1. Give just the number: which of (1) modelled with pLDDT of 95 or more; (2) more than 21 Å from residue 39 (Cα to Cα) does residue 63 not satisfy?
2. Quick check: anything in region 137-148 out of contact with any strand residue (DSSP E or B) (no Cβ under 7 Å at 6 or more places or on another chain), under 30 Å from residue 15 (Cβ atoms) and surrounded by 15 or more Cβ atoms within 10 Å (Cβ to Cβ)?
3. Identify, please: which residue in region 91-135 is outside any strand (DSSP E or B) and in contact (Cβ under 8 Å) with a residue 60 or more places away in the chain and is, among those, nearest to residue 26 (Cα to Cα)?
4. Could you check region 10-64 for strands (runs of 3 or more DSSP E) lying wholly inside it with 3 or more residues that are in contact with a strand residue (DSSP E or B) (Cβ under 6 Å, 6 or more places away or on another chain), within 25 Å of residue 119 (Cα to Cα) and touching a residue at least 60 places away in the same chain (Cβ under 8 Å)?
């Protein structure tokens with residue numbers, strides 16, 4: 001069972017929590033991280049969601065997930081990366097690119113605030129080191145390769161911001 005802290009639109013903790021799967025209370029948001037990892041040579045690590053995932057099975061994405069109660073955004077980014085792709089990132093190798101309140105996306109209520117992180121890492125990725133089975137496979141891809149996935153509808157549809165706000169950073 002995951003427990004999330006709740007925030008207001010200004011990303012201020014409200015003192016409330018909720019259990020994953022419950023409806024987010026009105027005027028509240030839970031915090032989510034997206035972690036883009038680049039190797040310094042124009043490639044980004046992306047992963048394919050497991051076929052057993054309830055939402056967007058087998059689509060490609062960056063590492064990401066919900067921030068757990070008592071956790072900050074950076075700690076969640078590091079935890080999610082280790083859980084999903086088995087990579088231990090150095091906290092000093094990353095930076096927060098932006099935060100965005102997401103009320104509704106494509107007519108679906110999100111009620112979250114996404115913190116988008118960019119980390120530099122050029123080591124190996126061995127999925128057997130992952131602590132969850134959320135990822136089917138992971139690979140390094142160029143922006144052009146990621147764009148091909150996007151054009152084919154094989155990238156999670158909420159990640160279109162990559163092409164305007166992440167690539168080239």
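1. (2)
2. Initial filter on region 137-148 (out of contact with any strand residue (DSSP E or B) (no Cβ under 7 Å at 6 or more places or on another chain)): 143-145, 147-148.
Still in the list and also under 30 Å from residue 15 (Cβ atoms): none.
Checked region 137-148: no residue is out of contact with any strand residue (DSSP E or B) (no Cβ under 7 Å at 6 or more places or on another chain), under 30 Å from residue 15 (Cβ atoms) and surrounded by 15 or more Cβ atoms within 10 Å (Cβ to Cβ).
3. Within region 91-135, the first condition is being outside any strand (DSSP E or B), and the residues that meet it are 91-93, 106-107, 121-134.
The next check asks that each one be in contact (Cβ under 8 Å) with a residue 60 or more places away in the chain; those that pass are 121-122, 125, 133-134.
On the way: 121: 38, 122: 42, 125: 40, 133: 32, 134: 29 Å.
Ranking the qualifying residues of region 91-135, first place goes to 134.
4. Per the criteria, 29-38, 43-49.
The values are calculated or read from the model by the stated rules, or taken from the named source; none is laboratory data. None of these values were measured; they are calculated from a predicted model. No Cβ is skipped: glycine too gets one built from the backbone with ideal geometry, and neighbour counts run over all protein chains shown.
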